[in-house]
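As structure tokens, the structure follows; a few thoughts come after it.
The values are calculated or read from the model by the stated rules, or taken from the named source; none is laboratory data. What you see is a predicted model; the values in this text were computed from it and never measured. Cβ placement follows ideal geometry from the backbone for every residue including glycine, while neighbour counts extend to all protein chains displayed.
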Amino acid sequence: MDCSQCDEPAVIYREYEGRALCKEHFSRSVEKQVKQTIRKHNLVEDGDIIAVGLSGGKDSGVLLQILHDIFGERPDIEIHAITVHEGIEPYRTESVETAKEMCDRLGVPIHIGKYEDEYGITMDEVMVKKPEMHSCSYCGVFRRDVINRKAREVDANKLAIGHNMDDEIQSALMNFLKGDMSRMARLGAKTHKVPSEQFMRRIKPLREVMEQEIALYAQVNDLEVHIETCPHAQGALRADIRNFLNQMEEQRPSIKHSALSSIDKLLPVIRDEFYGEASEVTPCEECGEPCSQDVCRKCQLVRAVKDK
Ligand code: SF4
């Protein structure tokens, strides 16, 4: 099949648009979508120092590449990569190597935070000591802490993450099914409000691009990305929703686009009703990071693993 816009062979047929695109037209169209998302939600402004959460996987790799292509030449915007090494072997050491290679190629400074250096534990050890616990609930709390602090060290004012359209819809459905509307209210292209300026504001430039197209973008543009999945990954509900959405999209092309559009129409209403006032934050008694209890969740979890 040829591209609908030229005579080159197509790399994708977009059922939801009814057109086929060659490598060039497909890549330009993904980049155009990302630029539109950035403009529409005012995600990047003059003087921004953007920390990009870079795992070495396809989403964050494509995000770093596109942000670098758009803003790399701008003297008023700085881009840094923040990579977290959770201590999951050999999976994370390999993906950190991929992340370093990406940054070397683009000339982007990379800052790596290791759980072992920060907390004296690795996720592999957490899994041995706390097999009954959901690994991702520890890991997610630790990761947010490391990224937040590393981003502050480079004076970043925003954290760009590689969440794509599928991630956003899955999160919305998960929160809806769990009845967690305050978490649902935190979705969107950028952080609505933060309880403390010490928390990084997050932006999601890939939010309007489907996961499958991000993978294809990485492939046709020869981006070296790490494709393994974490051996400790859990989350049966997200996996079920992912399969359901993919099945729906196959049967009814464009359903993901309409789902995202519905989420965007509902978000202002949900925020008004459920965002709530930010609870007062004070420094954690152990690490000094802002938190709403005497001791922050991260310090509580580190203690729980070490006391075991
Ligand atoms: Fe951590 Fe879970 Fe992600 Fe693995 S899948 S890196 S355990 S959050």
* Structure fact -> Per the filter on the range 146-181, residues acidic (D, E) and modelled with pLDDT of 95 or more are E153, D155, D166, D167, E168
* So which residues in the range 1-45 are on the phi > 0 side of the Ramachandran plot and in contact with a Pro (Cβ under 7 Å, 6 or more places away or on another chain), if there are any at all? -> none
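From the list V154, V128, V146, which residue is surrounded by fewer than 21 Cβ atoms within 10 Å (Cβ to Cβ) and within 16 Å of the ligand (Cβ to nearest atom)?
Values: V154 fails: within 16 Å of the ligand (Cβ to nearest atom); V146 fails: surrounded by fewer than 21 Cβ atoms within 10 Å (Cβ to Cβ).
The conditions single out V128.
I'd like the residue in the range 99-120 that is away from the ligand (no atom under 15 Å from the Cβ) and among the basic types (K, R) and, out of all such residues, is farthest from R152 (Cα to Cα). Spell out the reasoning first.
If we filter the range 99-120 for residues that are away from the ligand (no atom under 15 Å from the Cβ), which is where we start, we get 100-111, 117, 120.
Those still in the list that are among the basic types (K, R) too: 100, 105.
Working: K100: 20, R105: 24 Å.
Result: R105.
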* Structure fact -> Considering the range 54-91, residues that are outside any loop (DSSP other than H, G, I, E, B) and within 14 Å of the ligand (Cβ to nearest atom), and then whichever is modelled with the lowest pLDDT, we arrive at Y91
* Asked: Looking at D46, D104, which one is without any contact (Cβ under 8 Å) to a residue 40 or more places away in the chain and in a helix (DSSP H, G or I)?
  -> D104
* Asked: Just a yes or no: is a residue in the range 249-257 among the hydroxyl-bearing types (S, T, Y) and either loosely packed, with under 13 Cβ neighbours inside 10 Å or within 30 Å of S135 (Cβ to Cβ) (or both)?
  -> no
* Asked: Conditions: (1) among the hydrophobic types (A, V, I, L, M, F, W, C); (2) within 15 Å of the ligand (Cβ to nearest atom); (3) surrounded by fewer than 21 Cβ atoms within 10 Å (Cβ to Cβ). M123 meets all but one. Number of the miss?
  -> (3)
* If you take the residues in the range 214-239 that are within 16 Å of the ligand (Cβ to nearest atom) and not in a loop (DSSP other than H, G, I, E, B), which one is surrounded by the most Cβ atoms within 10 Å (Cβ to Cβ)? -> R238
* To do: Kindly indicate which of S95, S137 is assigned to a helix (DSSP H, G or I), within 13 Å of the ligand (Cβ to nearest atom) and under 25 Å from E31 (Cβ atoms).
  => S95
* Could you check K256 against (1) of a type in the set (D, E, K, R); (2) within 16 Å of the ligand (Cβ to nearest atom); (3) not in a loop (DSSP other than H, G, I, E, B) and say which number it fails? => (2)
* Can you name every residue in the range 81-91 that is under 16 Å from I147 (Cβ atoms) and free of Cβ contacts under 8 Å to residues at least 40 places away in the same chain? -> A81, T83, H85, G87
* Could you give every pair whose Cβ atoms fall below 7 Å, whose first residue belongs to the range 49-69 and is within 17 Å of N157 (Cα to Cα), and whose second residue is assigned to a helix (DSSP H, G or I) and of a type in the set (G, A, S), counting only separations of at least 6 or pairs across chains? -> A51/A151; V52/S60; G53/S60; L54/S60; L54/A99
